[in-house]
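Sharing a structure with you now.
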Amino acid sequence: MVVRDIHKFDDPYFEEFQRLVDRRGTGCKKWDLLDKIFGEHPKGMLPFWIADTEFRSPDPVIGALRDRVEHGVFGYPVRDGQVSQAVAEWWGRRHRFDVDPRWVCHSHGVMGGIAVSLRVFTSPGDPVVVQTPIYPPFRWVVENNQRRLVENPLVERDGVYRMDLAGLERAFRGGARAMLLCSPHNPTGRVWTREELREVAGLAERYRVLVISDEIHGDLVYPGDHAHIPFPSVSPWALDNSLLFASPSKSFNLAGFYTAYAIIPDGAKRKAYEAEMNRLFMDQGNELGQVAMKAAYLEGEAWLNGLVRYLEGNRGRAVEFLRGMRGVRVTIPEGTFLMWIDFGGMLRGRGLTAGEFLKGAGVALNKGESFGEGFELYGRLNFGCPRQMLDEGLQRIRSRAEELGLL
Ligand SMILES: Cc1ncc(COP(=O)(O)O)c(C=O)c1O
């Protein structure tokens with residue numbers, strides 16, 4: 001794969017993404033819980049963990065929120081049909097998936113909706129498949145709801161992760177009721193191809209497994225060889241037997257609103273999901289989140305395209321830098337602003353986990369072991385930040401490795 005390193009280009013949004021906004025003291029997890037979670041560092045820790053970015057949301061989103069806030073009265077809202085329309089249009093325009101606005105259901109964050117779905121469509125003790133290494137809440141949502149976690153590890157060769165379809169078939173044959181599909185995949189950044197997704201759909205059809213597809217990173221795919229394929233669109237069976245969850249929270253940096261949605265084409269499944277949301281008094285979204293989502297989808301696409309170009313430049317920069325460090329292997333993300341890094345060649349036999357090494361370097365990355373067993377020498381880097389911050393983080397990693405004589 002060609003990794004372009006775009007340092008500077010003629011882009012109306014470039015300077016905006018270059019600016020580091022001081023988020024400290026705003027109650028954000030990434031900066032305000034940094035020392036508590038990762039410990040202190042003489043230079044001050046730099047955060048590259050949790051998956052939000054350092055960027056201000058697009059001006060039209062901030063403008064829509066400002067207008068609504070200035071009105072000053074925040075009573076109970078009606079669920080705005082225009083929001084479902086905006087979601088449907090977004091998927092049609094950006095991902096060529098023809099969505100009927102009636103398929104769009106509210107979800108309190110993506111994970112909230114996945115938890116509700118597991119409770120509606122599976123029973124305690126039912127096996128649920130995830131593909132490891134995996135975003136840690138995928139394991140928690142299964143186990144905390146008393147379902148049985150079945151791991152179907154991805155297979156890595158030369159830094160590329162692929163699905164183990166034979167293993168997936170064994171898991172399905174063994175009685176799996178549901179699969180949590182992460183598409184694009186966090187932490188490896190894989191953007192599954194149509195063929196791979198068709199294989200999954202074929203197996204799910206054969207063994208009657210419900211696919212719950214988390215497509216929260218779907219807007220953030222690097223152009224060229226890759227395009228995001230919505231899982232329900234890969235076959236007629238998939239359309240009726242999967243639930244798609246997404247939100248604008250990664251693409252437009254709106255995670256704080258917990259405003260997400262499910263796309264559930266099948267009427268009976270939609271009814272069952274909505275009935276449970278209603279029983280839980282969770283069927284109404286928060287109003288500012290809806291305002292932000294609508295503005296993002298209706299007016300934010302040019303900004304988002306600028307963001308993807310900026311992130312592509314960051315990706316190239318980080319890959320080039322890390323490849324220059326002996327014993328460090330990177331998985332090149334095809335989508336997402338996350339990079340899965342294997343420090344094994346550098347750290348094995350040195351008595352240090354990647355987390356300990358990185359802490360000494362003064363950078364906070366998500367620890368490999370939280371994504372699955374055996375990943376103690378891995379870390380996940382969030383490169384959704386201004387270049388200056390990314391460069392400083394990368395340099396800190398290198399300097400620490402030199403200091404310890406690891407290179
Ligand atoms: C794959 C994936 N799903 C879900 C989430 C969380 O979504 P939410 O905050 O809407 O529950 C994240 C956040 O990092 C994620 O990476």
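Does Val128 satisfy the criteria of being without any contact (Cβ under 8 Å) to a residue 40 or more places away in the chain, farther than 17 Å from Asn278 by Cα and not small (Gly, Ala, Ser)? Don't jump to the end; show me each part of the working.
Details: without any contact (Cβ under 8 Å) to a residue 40 or more places away in the chain: no; farther than 17 Å from Asn278 by Cα: yes; not small (Gly, Ala, Ser): yes.
No; evaluated as a whole, the condition is false for this residue.
Please tell me if Glu151 is open to solvent by 40 Å² or more (accessible area, probe 1.4 Å), more than 16 Å from the ligand (Cβ to nearest atom) and within 20 Å of the chain's Cα centre (by Cα).
Numbers: open to solvent by 40 Å² or more (accessible area, probe 1.4 Å): yes; more than 16 Å from the ligand (Cβ to nearest atom): yes; within 20 Å of the chain's Cα centre (by Cα): yes.
When the stated conditions are applied, Glu151 passes them.
Can Ile332 be described as of a type in the set (Val, Ile, Thr), in contact with a helix residue (DSSP H, G or I) (Cβ under 7 Å, 6 or more places away or on another chain), at pLDDT 95 or above and open to solvent by less than 20 Å² (accessible area, probe 1.4 Å)? First the steps, then the outcome.
Working: of a type in the set (Val, Ile, Thr): yes; in contact with a helix residue (DSSP H, G or I) (Cβ under 7 Å, 6 or more places away or on another chain): yes; at pLDDT 95 or above: yes; open to solvent by less than 20 Å² (accessible area, probe 1.4 Å): no.
Considered against the rule, which asks whether it is of a type in the set (Val, Ile, Thr), in contact with a helix residue (DSSP H, G or I) (Cβ under 7 Å, 6 or more places away or on another chain), at pLDDT 95 or above and open to solvent by less than 20 Å² (accessible area, probe 1.4 Å), Ile332 comes out as no.
Also: Which of the following residues is more than 16 Å from the ligand (Cβ to nearest atom) and either over 21 Å from the mean Cα position of the chain (by Cα) or closer than 29 Å to Gly327 by Cβ (or both): Glu196, Glu156?
Numbers: Glu196 fails: either over 21 Å from the mean Cα position of the chain (by Cα) or closer than 29 Å to Gly327 by Cβ (or both).
Checking each option against the conditions leaves just Glu156.
Quick one: would you say Ser117 is of a type in the set (Ser, Thr, Tyr), buried (at least 16 other Cβ atoms within 10 Å of the Cβ) and more than 16 Å from the ligand (Cβ to nearest atom)? Before you say what the answer is, go through the steps one by one.
On the way: of a type in the set (Ser, Thr, Tyr): yes; buried (at least 16 other Cβ atoms within 10 Å of the Cβ): yes; more than 16 Å from the ligand (Cβ to nearest atom): no.
Here the answer is no, as Ser117 does not meet what is asked.
To keep it simple, each residue is scored yes or no on (1) in a helix (DSSP H, G or I); (2) within 26 Å of Pro333 (Cα to Cα); (3) not assigned by TED's automatic domain parsing to the domain that holds Gly335.
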{"residue": "Val150", "(1), (2), (3)": "no, yes, yes"}
{"residue": "Arg170", "(1), (2), (3)": "yes, no, yes"}
{"residue": "Met179", "(1), (2), (3)": "no, yes, yes"}
{"residue": "His185", "(1), (2), (3)": "no, yes, yes"}
{"residue": "Gly189", "(1), (2), (3)": "no, yes, yes"}
{"residue": "Arg198", "(1), (2), (3)": "yes, yes, yes"}
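Further, regarding this structure: Give all pairs with beta carbons closer than 7 Å in which a residue from the stretch 51-64 that is among the charged types (D, E, K, R) meets a residue that is within 16 Å of the ligand (Cβ to nearest atom); count only pairs at least 6 apart in sequence or on separate chains.
Sorted first by the residue in the stretch 51-64, then by its partner, the pairs are Asp52/Lys30; Asp52/Asn253; Asp52/Ala255; Glu54/Gly384; Glu54/Cys385.
Of all residues in the stretch 76-105, count the ones that are at pLDDT 95 or above, open to solvent by 50 Å² or more (accessible area, probe 1.4 Å) and assigned to a loop (DSSP other than H, G, I, E, B).
2
Considering only the stretch 168-193, state which residues are of a type in the set (Val, Ile, Thr) and either within 15 Å of the ligand (Cβ to nearest atom) or in contact with a Leu (Cβ under 8 Å, 6 or more places away or on another chain) (or both). Steps first, answer last, please.
Filtering the stretch 168-193 for residues of a type in the set (Val, Ile, Thr) gives 188, 191, 193.
Answer for the stretch 168-193, where residues must be of a type in the set (Val, Ile, Thr) and either within 15 Å of the ligand (Cβ to nearest atom) or in contact with a Leu (Cβ under 8 Å, 6 or more places away or on another chain) (or both): Thr188, Val191.
Would you check if Leu165 is within 18 Å of Asn366 (Cβ to Cβ) and either more than 14 Å from the ligand (Cβ to nearest atom) or in contact with a Lys or Arg (Cβ under 6 Å, 6 or more places away or on another chain) (or both)?
no
Filter the stretch 203-262 down to residues that are away from the ligand (no atom under 13 Å from the Cβ), of a type in the set (A, V, I, L, M, F, W, C) and in a strand (DSSP E or B), then give me how many there are.
Here the count works out to 4.
Determine which single condition Ala296 fails, assuming it passes every other condition in (1) within 16 Å of the ligand (Cβ to nearest atom); (2) within 28 Å of Thr193 (Cα to Cα); (3) open to solvent by 30 Å² or more (accessible area, probe 1.4 Å).
Going through the list (1) within 16 Å of the ligand (Cβ to nearest atom); (2) within 28 Å of Thr193 (Cα to Cα); (3) open to solvent by 30 Å² or more (accessible area, probe 1.4 Å), Ala296 breaks only (3).
Determine whether Ala51 is outside the structural domain of Ser233 (by TED's automatic domain parsing) and of a type in the set (A, V, I, L, M, F, W, C).
Details: outside the structural domain of Ser233 (by TED's automatic domain parsing): yes; of a type in the set (A, V, I, L, M, F, W, C): yes.
Yes, satisfied.
Answer yes if at least one residue in the stretch 318-337 is within 30 Å of Ile62 (Cβ to Cβ), among the charged types (D, E, K, R) and away from the ligand (no atom under 16 Å from the Cβ), and no otherwise.
no
The values are calculated or read from the model by the stated rules, or taken from the named source; none is laboratory data. Keep in mind that this is a model prediction, so the values were computed, not measured. Positions of Cβ are generated from backbone atoms using ideal geometry, with glycine treated the same way; all protein chains shown enter the neighbour counts. Ligands, DNA and RNA are stripped out before the accessible areas are found, and what is left, the full protein with its side chains, is counted by its heavy atoms. Shrake-Rupley method; radii C 1.70, N 1.55, O 1.52, S 1.80 Å.
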